[in-house]
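The values are calculated or read from the model by the stated rules, or taken from the named source; none is laboratory data. The structure presented is a predicted model; accordingly, all values stated were derived computationally and were not measured. Heads up, the Cβs are rebuilt from the backbone with ideal geometry, glycines too, and the neighbour counts pull from every protein chain shown.
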Ligand code: B1M
């Protein structure tokens, strides 16, 4: 199999969400002495980029996108040790969390999975995350994006508190994207969030757009 | 569904109900995941639902606490129980005519939730999400069975019930859960309330059900049919504009409708 054919097969496995074949093609690519970064960029992330395009075009919906994300995760279990060994850095780092007072995590978990699928390294702070913890995570290392989730109208205002704290405490606060059942684009605009995701896949698209713009 | 008359509900007493077999609405699971007939790879999701339904129903621990109390007074936004506690919200709309109310907390425990989380963490997205959706539907079932137990009691007393009304829904702050938790020994079913008034295990539901003469109430009479909030995410009846609202949604907690300002100026 040629290098191009291996990478194309890997892309197809991701696009079709084939969680059996995706790691097998990563093995094949590694056996073929392809470097880990090429496999990641030209195989996995290229496949996920097609998935993102199909989602934007309305051909794929969340269930299809998530199946692809699962295939990506399966492929990453094989590729991750090689990326580490070859010292390949992620495209960007995102901190994710459900805001203070809110215990809902399924939406946030899906956002984390989709961000990984878009090439982000994800630091998951969990649920019930106070503003200080978001700020601390951004101080501890270089963070390119903060993603906040809330599922209740009563906990939504915590997003604004956290954004204010990041603006107050950090010299260069990273852009914040928000989402969750009661959250709207209007609300995001009002509290000064850089982006809003209607669902996990759109959240990852918005995140990718913001980080591409930044650099 | 057959009404369960097994539970010896009594006015003024908390009763613990155990639901051994919780029914599962598979269409509800499909809706929660966002499956459509045309979903590519839909078979993968269906397979996961098939595989997980039985074990997860086995793992779920359906429990509810129910307490029936007489009503002292019912105003549009304030319900006072005969022994003193007060519940605030759109009670006049949801619980109209109630002479008694049943307070309840229902849960399926934390087993399914934990499994779902573990699967998601390990990259098992399909199983994780299916398990979460099944758990949500089973929690709904536990609340429904609690409601059926109350209805069986009401019917046996020549009465019927109003719809279920939960803190956090339409016009009732989630903070009203503190009243329910002070009236029911939630620890008996392993449910706790956080400072922000959310329950753990997450797959739990709390609420109030009105009980009134059968000629005055039905369990399906949601006030949504009389409410004009155009972008309410809690709507159970389709929105038809300009019907003339008789429900005050100004403080219901749902974001207000967008103002039609011109953009870009
Ligand atoms: C950073 O960028 C981003 C971008 C996108 C982001 C993002 C971040 N974060 C999320 N997203 C987005 O991407 C994800 C999908 O791709 C989405 O994430 P979600 O987390 O929204 O979606 C999940 C994948 C699936 N969605 C869900 O799991 C929630 C769906 C709805 C129908 C819902 C369900 C299923 C349940 N609930 Co309840 N529940 C509702 C929900 C109404 C709705 N339409 O959303 C909501 C959230 N619940 C509500 C309430 C009130 C409650 N619920 C309760 C219980 C339950 C069930 C147990 C029956 C069940 C499971 C709950 C759970 N969290 O596991 C209670 C609380 C439970 C508790 N633990 O305390 C209770 C308090 C009711 C009660 N008194 O018992 C409402 C909150 C209203 C409010 N005031 O804010 C509610 C909006 C329902 C309603 N119609 O009003 C997007 O929002």
- prompt: If you go through segment B:3-25 one residue at a time, do you hit one that is under 30 Å from residue A:58 (Cα atoms), touching a residue at least 12 places away in the same chain (Cβ under 8 Å) and either more than 18 Å from the chain's Cα centre (by Cα) or not in a strand (DSSP E or B) (or both)?
  reply: yes
message: Given the criteria within 9 Å of the ligand (Cβ to nearest atom), buried (at least 24 other Cβ atoms within 10 Å of the Cβ), within 14 Å of chain A (Cβ to nearest Cβ) and farther than 28 Å from residue B:21 by Cβ, does residue B:197 qualify?
response: no
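Residues checked against (1) in contact (Cβ under 8 Å) with a residue 40 or more places away in the chain; (2) more than 23 Å from residue A:48 (Cα to Cα); (3) out of contact with any strand residue (DSSP E or B) (no Cβ under 7 Å at 6 or more places or on another chain):
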residue: A:102; (1), (2), (3): yes, yes, yes
residue: A:112; (1), (2), (3): no, no, no
residue: A:136; (1), (2), (3): no, yes, yes
residue: A:143; (1), (2), (3): yes, no, no
residue: A:164; (1), (2), (3): no, yes, yes
residue: A:169; (1), (2), (3): no, yes, yes
residue: A:172; (1), (2), (3): no, yes, yes
task: Could you figure out which of (1) in contact (Cβ under 8 Å) with a residue 60 or more places away in the chain; (2) over 22 Å from residue B:13 (Cβ atoms); (3) more than 11 Å from every other protein chain (Cβ to nearest Cβ) isn't true of residue B:115?
output: (1)
- request: Just need a number here: residues in segment A:124-154 that are more than 14 Å from chain B (Cβ to nearest Cβ), away from the ligand (no atom under 11 Å from the Cβ) and either more than 18 Å from the chain's Cα centre (by Cα) or not in a loop (DSSP other than H, G, I, E, B) (or both).
  value: 10
- line: If we keep only residues of segment A:109-121 that are more than 11 Å from every other protein chain (Cβ to nearest Cβ) and crowded, with 18+ Cβ neighbours inside 10 Å, then the residue farthest from residue A:155 (Cα to Cα) is A:119
- prompt: Quick one: is residue B:142 within 11 Å of the ligand (Cβ to nearest atom) and not in a loop (DSSP other than H, G, I, E, B)?
  reply: yes
task: Would you check if there is a residue in segment B:59-66 being over 22 Å from the mean Cα position of the chain (by Cα) and in a loop (DSSP other than H, G, I, E, B)?
output: no
field: Residue under evaluation residue B:55, criteria (1) touching a strand residue (DSSP E or B) at 6+ places or on another chain (Cβ under 8 Å); (2) surrounded by fewer than 22 Cβ atoms within 10 Å (Cβ to Cβ), criterion not met
entry: (1)
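Residue-by-condition table, conditions (1) within 13 Å of chain B (Cβ to nearest Cβ); (2) in contact with a helix residue (DSSP H, G or I) (Cβ under 6 Å, 6 or more places away or on another chain):
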{"position": "A:35", "(1), (2)": "no, no"}
{"position": "A:38", "(1), (2)": "no, no"}
{"position": "A:42", "(1), (2)": "no, yes"}
{"position": "A:45", "(1), (2)": "no, no"}
{"position": "A:56", "(1), (2)": "no, no"}
{"position": "A:71", "(1), (2)": "yes, yes"}
{"position": "A:74", "(1), (2)": "yes, yes"}
{"position": "A:78", "(1), (2)": "yes, yes"}
message: Being more than 13 Å from the ligand (Cβ to nearest atom) and without any contact (Cβ under 8 Å) to a residue 24 or more places away in the chain: is that true of residue B:84 here?
response: yes
task: For residue A:84, indicate whether it is away from the ligand (no atom under 12 Å from the Cβ) and either without any contact (Cβ under 8 Å) to a residue 40 or more places away in the chain or crowded, with 24+ Cβ neighbours inside 10 Å (or both).
output: yes
query: Here is a list of conditions, (1) more than 10 Å from the ligand (Cβ to nearest atom); (2) within 11 Å of chain B (Cβ to nearest Cβ), and residue A:106 meets all of them except one; can you say which number that is?
result: (1)
message: Given the criterion on the phi > 0 side of the Ramachandran plot, more than 8 Å from the ligand (Cβ to nearest atom) and at pLDDT below 95, identify the matching residue among B:171, B:190.
response: B:171
field: Only listed residue being within 14 Å of the ligand (Cβ to nearest atom), within 14 Å of another protein chain (Cβ to nearest Cβ) and surrounded by 18 or more Cβ atoms within 10 Å (Cβ to Cβ), chosen from A:162, A:200, A:207
entry: A:200
